[in-house]
1. Report whether or not Glu53 is out of contact with any helix residue (DSSP H, G or I) (no Cβ under 8 Å at 6 or more places or on another chain), of a type in the set (Asp, Glu), surrounded by 17 or more Cβ atoms within 10 Å (Cβ to Cβ) and free of Cβ contacts under 8 Å to residues at least 40 places away in the same chain.
2. Inspect all residues belonging to the range 52-67 and state whether any of them is modelled with pLDDT under 95, more than 10 Å from the chain's Cα centre (by Cα) and part of a loop (DSSP other than H, G, I, E, B).
3. Please go through the range 5-49 and pick out each residue that is among the β-branched types (Val, Ile, Thr) and within 22 Å of Leu93 (Cβ to Cβ).
4. Under the condition of being among the acidic types (Asp, Glu) and either closer than 22 Å to Pro18 by Cβ or open to solvent by 50 Å² or more (accessible area, probe 1.4 Å) (or both), which residue from the range 94-110 is nearest to the chain's Cα centre (by Cα)?
5. Considering (1) over 18 Å from Glu5 (Cβ atoms); (2) touching a residue at least 40 places away in the same chain (Cβ under 8 Å); (3) touching an Asp or Glu at 6+ places or on another chain (Cβ under 9 Å); (4) not β-branched (Val, Ile, Thr), say which one Gly61 fails and leave the rest.
6. Take Ala25 and tell me if it is surrounded by fewer than 15 Cβ atoms within 10 Å (Cβ to Cβ), under 16 Å from Thr9 (Cβ atoms) and either basic (Lys, Arg) or out of contact with any Gly (no Cβ under 9 Å at 6 or more places or on another chain) (or both).
7. I'd like the full set of residues that are surrounded by 12 or more Cβ atoms within 10 Å (Cβ to Cβ) and under 19 Å from Leu11 (Cα atoms), limited to the range 73-93.
8. Out of all the residues in the range 81-92, is one or more assigned to a helix (DSSP H, G or I) and in contact (Cβ under 8 Å) with a residue 12 or more places away in the chain?
Amino acid sequence: MKQIEFKGTSLKDLRGFPEAARNEAGYELREVQKGNEPTDWKPMSSIGVGVKEIRVKDEQGIFRVVYVVKYLERVIVLHAFQKKTEKTAKKDLDLAKQRLKLVLEEVENGK
């Protein structure tokens, strides 16, 4: 099973999800760790190559977990947030891009 690594405040943000959404997101991340695809996901090429988004919907709202597996042979969670509008907010996209940039710098430096 692949290790999981949370960047920035993504673990804290995920822990802030309502219990049902947090449990579903956790289950989906474990599936990714095992090498499986999440139940509901989509590629996030606007953030970067290999970036995917787990989509969780429950009675308290819509939640997203943005991650990448392509680098460093582990699951790297870039961002976790509640989606408030139909289109993903620019601030959420920008934060995930910024964290991906840090991951790519780590890859270049051999970490």
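The values are calculated or read from the model by the stated rules, or taken from the named source; none is laboratory data. Note that the coordinates shown come from a computational prediction; the quantities given were computed from them, not determined experimentally. With ideal geometry, Cβ positions are generated from the backbone for all residues, glycine too; neighbour counts draw on all protein chains shown. Calculation scope for accessible area: heavy atoms of the full protein, side chains included, ligands and nucleic acids excluded. Shrake-Rupley method; radii C 1.70, N 1.55, O 1.52, S 1.80 Å.
1. Working: out of contact with any helix residue (DSSP H, G or I) (no Cβ under 8 Å at 6 or more places or on another chain): yes; of a type in the set (Asp, Glu): yes; surrounded by 17 or more Cβ atoms within 10 Å (Cβ to Cβ): yes; free of Cβ contacts under 8 Å to residues at least 40 places away in the same chain: yes.
The answer is yes for Glu53.
2. Yes, that holds for at least one residue.
3. Listed by number, the residues that qualify are Thr9, Val32, Ile47, Val49.
4. Checking each candidate, the answer is Asp94.
5. (3)
6. Values: surrounded by fewer than 15 Cβ atoms within 10 Å (Cβ to Cβ): no; under 16 Å from Thr9 (Cβ atoms): yes; either basic (Lys, Arg) or out of contact with any Gly (no Cβ under 9 Å at 6 or more places or on another chain) (or both): yes.
Answer is no for this residue.
7. Of the range 73-93, the ones surrounded by 12 or more Cβ atoms within 10 Å (Cβ to Cβ) are 74-83, 88-89, 92-93.
Within the range 73-93, Arg74, Val75, Ile76, Val77, Leu78, His79, Ala80, Phe81, Gln82, Lys83, Asp92, Leu93 qualify.
8. If we filter the range 81-92 for residues that are assigned to a helix (DSSP H, G or I), which is where we start, we get 90-92.
Within this subset, residues satisfying the condition of being in contact (Cβ under 8 Å) with a residue 12 or more places away in the chain are 92.
Looking through the range 81-92, at least one residue is assigned to a helix (DSSP H, G or I) and in contact (Cβ under 8 Å) with a residue 12 or more places away in the chain.
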